[in-house]
Every structure is written in C-alpha cells, then in structure tokens.
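J.: Pasting in a structure now, in structure tokens, and then I'll have a few things to ask.
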Amino acid sequence: MSQTKDAIIVGSGPAGYTAALYLARANMKPLVITGQAFGGLIATTDQIENFPSTIDAEGNVGIGGWELMEKMQQQAEHFGAETLWETVTELKLTNVPGGEHIVMVGDQEYRSKVVILSTGCSHRHIGIEAETRLNNKGVSYCATCDAALCRDKRVIVVGGGDSAITEALFLTKFASHVIIVHRRDQLRASKIMDARARANPKISFEWNAVVSDIKGDDHVVGVELTSTVDGSKKEVECDNIFVAIGHVPNVDLVKDQAALDAHGFVLVEGVTTKTSLPGVFAAGDVTDSQYRQAITAAGMGCKAALDAGAYLQEFE
Ligand code: NAP
C-alpha cells in the first residue's frame, strides 16, 4: 500500500536531519529514510572539534560523530519528524511541477511532492584487486570502527587530506606505528592537522608513493609502494591499511534522472538547493564537491527545507 508524506528526506546525515528539523518546525511531518549507514560518514568520526557549540562547561571541545547525529535526530523528531530505518531501493522522480515523486523501499511505496536528496558520499577506493579481496581482512576505510583491532600493530594510512590525518592521529592511540603514504610531497590537510601529524612520534611518512599492491592471503601483511617520481617499487610490512583518499557522491538513485555537475555531484541551481527536477532538492555532500563539512551540510539542509517549503506553498 502506498503512503503519502509531506516531504521525504533520503539520507540521515547532517543535511538530512537539519532539513527534517526545519520542515518539522514548519508543521510538516517529514520522513527521513536513513539508508544503510545512519548519520552518514560523520557518524563514523571519532571526535569533531569544528562543529560550533560543541564545548562543555569545563571547556572541553568536541563531540563524537555518532552522538552528534543522535542529537540531530532527537531534535528533529522532537518537532515531529519520522525516521525510517531502511534503504531506498528506487526513486521514480516526476518532471511535472507539483506532481508526486515515488520513493520505493523494497515493495513499499512512499509518495511526496517533495524529495530532499541528502545521500552523502562514500569512501573512494584505490581500485586494486587486493583491496577488494582483503577488505575487512586488514583493509579498512574507518579508523573509528576498526582502530581497536590495531593494538600494537603496524598500520598504513593512505592519503594526504584531513581525513587521512584524522585517521592516522586516532590510530596512534592503538597502533605501535602509523605510516602515512601520500602521492605527493606535501599534505593537502589543514595546517593544524599537518602540524599535529608531524609532531606525533608514532607517525612517519612515505612521500611521493602510491599503494600499488597489498600483500597477504587471509590478512594484510604488507604493501607494495610505487614511487610517483621514478616508478620504483618497494615493499613495506604492515598489519592493517586504512584508505582515506577522498569520497565519491552517492548518486546511483538519481544519476539517470537529475542533472549532475562536472564532478558527478547532484547539480543545484545557483545558491539554492533546487535540482533539475521540480520538487527535488539536494543538500550536503552529495551536491558539494568543494567544502564537504558537517556544518556546511547542515546549512544546506536548512536551505533545502526552506526551498521545499516555498515550493509546496506554490501547489497548495
Ligand atoms: P580530500 O581533502 O579530497 O583529500 C583526499 C586525499 O587523498 C588527497 O591528499 C589526495 O591527494 C589523495 N588521493 C585522492 N585520490 C587518490 C588516489 N587515487 N590515490 C592516492 N591518493 C589519492 O578528502 P578528505 O581528506 O576526505 O577531506 C574531505 C573534506 O572533509 C575536506 O574539505 C576536509 O577538510 C574535510 N575534513 C575535515 C576534517 C577536520 O576538519 N578535522 C576531517 C576530515 C575531513 P592529493 O593531495 O594529491 O590530491
């Protein structure tokens, strides 16, 4: 049986729940469909220090990613948002202004004039065969999830951005040593993260190198590194490898329906969250190839709710 909702939000990260909060406070009853990973990628982050207001009375700064997302969920639900712990299997988006979009969750059909896409991003993969074969056998994309398995182990982190450095620093709490492998001789990470990594005695660097193979039958035992300068190869022993080389937008549900930008992210109109389809709005990392912060995603979620509210008024 089909159910009709005021608004359907696909994805449960900061963009999705901020949109839900604003819509719910405007007397709509949005449905948030969580997807496989509640809270999105930020929910797997150990400590977030740059989300404003996350400081306690004693001056301790930061909040766990999961805790932040639970608070966002609770606040949106306080005003009437609903959460459905399922994954959308298909979107049938209409091109007709004021028409109903159909959101499929298996055999269950939901209908709404408004859909907010906040499906976020997934971890980019290196793209070598051994990475897939040894996934969860020493290859990981989430230090918060798997660092406890690395007690006194030798660990490699691949990447030079803020994610890689955040992962590496967290891993030093468990691992005996962390080697950061980066394809250039300079980090992309912010200065503060760069300085923290360089000052950490447990961290060393392999500059100008990519992981060209991962060694091991049942579990990772080492990697083959290839120099990006002269193509030379060498092997480095390690027990675990964490890949943190950026993200790709989760656009599978809409890539044949909504317009995408040159980087493959959902295209929005100017400073709005309007996609190429009437009544479909996009917010957060799925539409942001540049900033990809929890706070910018939350800001876009707010804009999506306001854009959606204005759109619904046109068709009342
Ligand atoms: P990112 O900034 O895009 O960095 C990705 C890194 O992976 C880059 O160093 C890049 O190398 C490298 N890379 C990309 N493709 C590669 C490949 N195929 N093989 C080897 N290396 C590859 O991604 P991110 O670190 O996930 O950060 C995303 C956004 O989130 C950023 O805006 C960041 O500031 C933010 N963030 C912030 C924090 C924080 O504030 N604590 C924490 C995490 C993330 P190049 O440098 O050569 O391009």
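J.: What number goes with the only condition from (1) free of Cβ contacts under 8 Å to residues at least 12 places away in the same chain; (2) among the hydroxyl-bearing types (Ser, Thr, Tyr); (3) within 13 Å of the ligand (Cβ to nearest atom) that Thr228 does not pass?
T.: Every condition holds for Thr228 apart from (1).
J.: Filter region 133-190 down to residues that are part of a strand (DSSP E or B), away from the ligand (no atom under 15 Å from the Cβ) and at pLDDT 95 or above, then give me how many there are. Before you say what the answer is, go through the steps one by one.
T.: Of region 133-190, the ones part of a strand (DSSP E or B) are 135, 139-140, 154-158, 177-181.
With away from the ligand (no atom under 15 Å from the Cβ) added as a condition, the list becomes 135, 154-155, 177-178.
Subsequent filtering for residues that are at pLDDT 95 or above retains 154-155, 177-178.
Residues meeting the conditions: 4.
J.: Looking only at residues in region 206-225 that are assigned to a strand (DSSP E or B) and within 12 Å of the ligand (Cβ to nearest atom), which one is farthest from Arg133 (Cα to Cα)?
T.: First, pick out the residues of region 206-225 that are assigned to a strand (DSSP E or B): 206, 209-215, 222-225.
Next cut, within 12 Å of the ligand (Cβ to nearest atom) only: 206, 209-212, 225.
Numbers: Glu206: 24, Ala209: 22, Val210: 18, Val211: 15, Ser212: 14, Leu225: 18 Å.
Going through the qualifying residues, I end up with Glu206.
J.: Name the one entry in Ala310, Ala259 that is without any contact (Cβ under 8 Å) to a residue 60 or more places away in the chain, surrounded by fewer than 18 Cβ atoms within 10 Å (Cβ to Cβ) and under 17 Å from Ala19 (Cβ atoms).
T.: On the way: Ala259 fails: under 17 Å from Ala19 (Cβ atoms).
Just a single option satisfies the conditions, and that option is Ala310.
J.: Given the conditions (1) touching a residue at least 60 places away in the same chain (Cβ under 8 Å); (2) in contact with an Asp or Glu (Cβ under 8 Å, 6 or more places away or on another chain); (3) crowded, with 16+ Cβ neighbours inside 10 Å, which single one is not true for Leu171?
T.: Going through the list (1) touching a residue at least 60 places away in the same chain (Cβ under 8 Å); (2) in contact with an Asp or Glu (Cβ under 8 Å, 6 or more places away or on another chain); (3) crowded, with 16+ Cβ neighbours inside 10 Å, Leu171 breaks only (2).
J.: Please verify whether region 39-49 includes one or more residues that are touching a residue at least 24 places away in the same chain (Cβ under 8 Å), among the hydroxyl-bearing types (Ser, Thr, Tyr), part of a loop (DSSP other than H, G, I, E, B) and within 30 Å of Glu237 (Cα to Cα).
T.: Yes, the conditions are met somewhere in region 39-49.
J.: Going by what's in this entry, would Glu58 be described as closer than 21 Å to Ala305 by Cα, over 13 Å from the mean Cα position of the chain (by Cα), at pLDDT 95 or above and charged (D, E, K, R)? Full working, then the answer.
T.: On the way: closer than 21 Å to Ala305 by Cα: no; over 13 Å from the mean Cα position of the chain (by Cα): yes; at pLDDT 95 or above: yes; charged (D, E, K, R): yes.
Answer is no for this residue.
J.: Would you please list the contacts, defined by Cβ atoms under 7 Å and residues six or more apart or on different chains, that run from a residue in region 189-204 that is more than 15 Å from Phe170 (Cα to Cα) to a residue that is more than 11 Å from the ligand (Cβ to nearest atom)?
T.: none
J.: Identify all residues within region 214-246 that are of a type in the set (D, E, K, R) and surrounded by fewer than 16 Cβ atoms within 10 Å (Cβ to Cβ); write none if there are none.
T.: The initial filter retains those residues of region 214-246 that are of a type in the set (D, E, K, R), namely 215, 217-218, 224, 230, 233-235, 237, 239.
Within region 214-246, Asp217, Asp218, Asp230, Lys233, Lys234, Glu235, Glu237 meet the criteria.
J.: Which one of the conditions (1) buried (at least 19 other Cβ atoms within 10 Å of the Cβ); (2) within 14 Å of the ligand (Cβ to nearest atom) does Leu93 fail to meet, given that it meets all the rest?
T.: Leu93 satisfies all of (1) buried (at least 19 other Cβ atoms within 10 Å of the Cβ); (2) within 14 Å of the ligand (Cβ to nearest atom) except (2).
J.: Regarding region 192-200, can at least one residue be identified that is aliphatic (A, V, I, L, M), crowded, with 20+ Cβ neighbours inside 10 Å and assigned to a loop (DSSP other than H, G, I, E, B)? Step through it out loud before you land on a result.
T.: First, pick out the residues of region 192-200 that are aliphatic (A, V, I, L, M): 192-193, 195, 197, 199.
With crowded, with 20+ Cβ neighbours inside 10 Å added as a condition, the list becomes 197.
Remaining after also requiring assigned to a loop (DSSP other than H, G, I, E, B): none.
No: zero hits.
The values are calculated or read from the model by the stated rules, or taken from the named source; none is laboratory data. The structure presented is a predicted model; accordingly, all values stated were derived computationally and were not measured. Cβ sites come from the backbone with ideal geometry, for glycine too, and all protein chains shown count toward neighbours.
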